[in-house]
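Taken together, the values in this text are just the output of simple stated rules run on the coordinates, not laboratory data. Just so it is clear, the model here is predicted, and its values are computed rather than measured. Positions of Cβ are backbone-derived with ideal geometry, glycine not excepted, and every protein chain shown enters the neighbour counts.
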Amino acid sequence: MMMQWRLGKGIRHGAWHPGVVLGLAGGLLPALALGSGPADWQAAEIQHEIELEESAEQLALSPDGTRLASAGESSLTVWEVASGKRKQQLDGHRSPEVEWTLPVTGLAFSPDGSVLASTSWNPGVVPKASLKLWDPTTGERLHSLAGSLGCREVAFTADGKSVWAACGRDAQRFSLETGEAVERAEQIPEGLLTAVDAEAAADALPMPRQGPAHALALSEAGGHLAWAGLPPTYPAPIVRVWQREADGQAASAEPAGEAATDYLEFDLPDTTVTRDPVTLARKHYSRELPNPVTREQIEQWMLDSGEVRIMLTLDNLKDDASRAWRYRLTFEPRDAGRWELVRVERKHQCRRGPTESDEWTTRSCV
């Protein structure tokens, strides 16, 4: 099954920071448990299909696979992989001589995913800045570099403190702290541009691919592959995000150790039947707390019994006693594509009390 998203007008930002969310209206996509074994792209699932206004000619996935950057002739966009939603529409590259945005020739995320680099080069047109560094979370432009040289490839150093770009007749290394060019070379150092093999992963994908890719990107962790193209039967170009299944890990498996962990059972809410278990879980048990460091993560599994298991975790709570809560919700299938919530359980982690701070428990924290 897959999700299909069209370009939206914007999204709401809450006080919490969302984690992995794999729910979809009118259906259910089991979360794939990713192990350390080699990727099995023949068993991959389409996580999202995003319809674009123009073809994506450049793609980049953050190393952890949580963000996707795409660039077309006049657009530069950052997407949230978990939800498939557009997070930022960046200004892109422009020229003082023309009004329109210049095409992007290179995209790269820093090793920690906190910075996105984009480059531009266009014959006969002088850009204002050939290399730009962005904050992919806020959309803020951090640096405008390389002037009108025109740049192609771009890559970050392993420590994330510098970025290399092939600009003009040579390559320069720019400091992220100062924006200054601190080194020049004939080419970007060997190894920085050697990425994981996205083409090999794409070749192993199950259908539908429908035609050649305009651009590909594979996350460094190897869990996500982005494919951009224009299938002949489609009216608009698309980006598909695939999530792979690791060898030796079944999509129906529960998280390791969870089945044996004690939970405190809660009464069921008034509404228990839904077509979207994730939305129901968030409606009743998500907390938008006035705390900028609170994090929310939602995962789901299709169990061998036919039940659906939802895990909703809230971490870094604004609570003197409890640091984190974890809800475990169990849904059973009903008719007409609906699911019924049959059990709600919770456990927590203590900031202080009778247990270690990172130990899950149902005991009182004080």
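Exposure proxy for D91, D267: other Cβ atoms within 10 Å of each Cβ, ordered fewest to most, give D267, D91. Couplings 3J(HN,Hα) for the stretch 183-188, derived from phi with the Karplus relation 6.51 cos²θ - 1.76 cosθ + 1.60 (θ = phi - 60°), are 7, 10, 8, 5, 7, 5 Hz, where x marks Gly and Pro.
The GluC sites (Glu not before Pro) of the stretch 42-126 meeting both criteria, a DSSP state outside H, G, I, E and B (loop) and at most 15 other C-beta atoms within 10 angstrom of the site's C-beta, are E53, E54, E73, E97, E99.
In the neighborhood of P63, defined by Cβ-to-Cβ distances under 11 Å, what is the net charge if each Lys or Arg adds +1 and each Asp or Glu adds -1? In short, -2. Remark: the K161-E220 segment gains 19.4 nm on full extension, using 0.36 nm per residue and subtracting the alpha carbon distance. Restricting attention to the stretch 70-165, which trypsin sites (Lys or Arg not before Pro) occupy a DSSP loop and are surrounded by at most 16 other Cβ atoms within 10 Å? Here the sparse-neighbourhood loop sites are K128, K161. For R275, project a label point 7 Å along Cα to C-beta. Then give me every residue of the stretch 334-366 with its amide nitrogen under 16 Å of that point. In the stretch 334-366, the label zone of R275 (backbone N under 16 Å from the point 7 Å along Cα→Cβ) covers 334-340. With neighbour counts taken as other beta-carbon atoms within 10 Å, the residues V182, V81 rank, fewest first, as V182, V81.
Whole-Hz Karplus values for the stretch 326-332 come out as 9, 9, 10, 10, 10, 10, 10 Hz, taken residue by residue from phi with 6.51 cos²θ - 1.76 cosθ + 1.60 and θ = phi - 60°; glycine and proline positions read x. Holding the Cα-Cα limit at 29 Å, pick out from K87/K161; K87/K132; K132/K318; K128/K161; K85/K132; K87/K347 the pairs that are longer than that. Result: K132/K318; K87/K347 exceed 29 Å.
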